[in-house]
Amino acid sequence: MPKIDKNVYASGIRFECTGCGECCKARGGYDYVYVTLDERRRLARHLKLNTTAFTKTYCAKANGQFHLRDPQNDCLFLNGVRCTVYAARPQQCRTWPFWPANMKRRVWEEEVKPGCPGIGVGRLHTPGEIEATLKKEQQRERETFAQLLGLSR
């Protein structure tokens, strides 16, 4: 798990999604959008498919975990700058930019802030709100890791 630098969000962070689609574009180490079974079900319903058809069409597996296909390319559901599955998007997408991996000073200053026009605008997310989101993401990461090791159902 990445070490979080609480100084990144000690005063809170102003953020509002601008709908630019930049977070949906492939870049470097941010390749996989992992999807749980519940998320695959929700996305399938949104697209009026059954879960098996959705998974076969839109997902691949890496290290025992399902993710959206073609991680080296922009998200499959990005149409121009708009997410075509926004209402059903995975948790990983819902919690951007408040990911544990983003909460390192260098990553935040050199990668996240310059690439996201929603940083610095909109409402102030308090340190407490950010902590709660980070905890949810860390829990999801732990569960994913446990599944990879075969330690959970």
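The values are calculated or read from the model by the stated rules, or taken from the named source; none is laboratory data. These numbers were taken from a predicted model, which means no experiment stands behind them. Cβ placement follows ideal geometry from the backbone for every residue including glycine, while neighbour counts extend to all protein chains displayed. When the accessible area is computed, the model is the full protein with side chains, heavy atoms only, and any ligands, DNA or RNA have been set aside. Shrake-Rupley method; radii C 1.70, N 1.55, O 1.52, S 1.80 Å.
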Checking every Cys Cβ in the chain against the others at 4.7 Å leaves as unpaired Cys17, Cys20, Cys23, Cys59, Cys83, Cys93, Cys116
Across the chain, qualifying lysine pairs (alpha carbons under 13 Å, at least 8 places apart or different chains) come out at 5
In whole percent, the fraction of accessible protein surface over the chain that belongs to carbon or sulfur atoms, probe radius 1.4 Å, stands at 51
Rounded to one decimal in nm, the spacing of the 7 Å Cα→Cβ label points at Lys113 and Leu49 is 3.9
For the chain, dividing by residue count, accessible area per residue (probe 1.4 Å) in Å² works out to 59
If one builds a Gaussian network model of the chain from Cα atoms under 10 Å apart, the most fluctuating residue listed among Ala44, Ala60, Ala132 is Ala132
With a Förster distance of 25 angstrom and the Cβ-Cβ distance between Thr18 and Asn73, calculated FRET efficiency to the nearest 0.05 equals 0.70
The extension gain from Ala10 to Ala132, computed as 0.36 nm times the residue separation minus the Cα-Cα distance, is 42.6 nm
Candidates Arg123, Arg14, Arg140; GNM for the chain (alpha-carbon contacts under 10 Å) flags as most fluctuating Arg123
